[in-house]
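To start, the structure under review is shown below, and the notes come after it.
The values are calculated or read from the model by the stated rules, or taken from the named source; none is laboratory data. In this text the structure is predicted, and so the values were computed from the model without any measurement. All Cβ positions, even for glycine, are placed from backbone atoms using ideal geometry, and neighbour counts span all protein chains on display. Side chains included, ligands, DNA and RNA excluded: accessible areas come from the protein's heavy atoms. Shrake-Rupley method; radii C 1.70, N 1.55, O 1.52, S 1.80 Å.
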Amino acid sequence: MAEPLVVEQSRTISMGRDDVFRDMVPMPLPSLFRRWYGPIPPIKETRDQTGDWDAVGQSRTVVLVGGGSMHEQLTQFDPPHSFGYTLTDVKGPLSPLVAHVDGEWIFEPIGAGTNVTWRWTIHPRSGLTAPLLPIFGKLWKGYARQSLDELSRQLVH
């Protein structure tokens, strides 16, 4: 099996860690991931969410603009430090490239603010498509930077 690719992006937000975690986790995904970045689409909606998105095992379907979708399940929840999830059943343009993704959000105090890191471990669909992952990883980093900027705008009114 081909090796996964790990990509991450960070942003410091001028709020305390407890507040950033508390306010970010329940945000509707379409309000946070609302803009295209190159070929990476915004999130259109979430469906079939179980629970309040605050416990391991809860899940939802993430629907992208353009018709792609994926199943998201919380795999780790440690407020206010971090939470993790897995994206499976990837449908749409990413499906030939990505088998599944392990995602994690990490919240670390830094001065009077919080350093927020969003990390993806991308598992390729096959050895044939694995060489394309670094290209997608660079695009994802731009998408993540844009999304973290949006998070900061929404949290720091």
Enumerate the calculated ³J(HN,Hα) couplings along the stretch 86-98 in order (Karplus 6.51 cos²θ - 1.76 cosθ + 1.60, θ = phi - 60°), each rounded to whole Hz, writing x wherever the residue is Gly or Pro. 10, 9, 10, 6, 5, 10, x, x, 7, 4, x, 9, 10
Carbon plus sulfur fraction of accessible area for the stretch 25-90, probe 1.4 Å, in percent: 51
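Test of understanding: what is the full-extension gain from A55 to R34, defined as 0.36 nm times their sequence separation minus their Cα-Cα distance? Kindly include the intermediate steps, with their values, before the conclusion.
Details: separation 21, 0.36 × 21 = 7.56 nm, distance 2.50 nm.
Gain on stretching A55 to R34: 5.1 nm.
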Spacing of the two label points (7 Å from each Cα toward its C-beta) at S126 and V6, in nm: 2.8
Answer with a single label: of (1) 44, 44, 32; (2) 66, 41, 30; (3) 46, 30, 27, which was calculated as Cα extents along the principal axes in Å from the structure in view? (3)
With every protein chain present, what is the per residue accessible area of the stretch 56-135 (1.4 Å probe, Å²)? 43
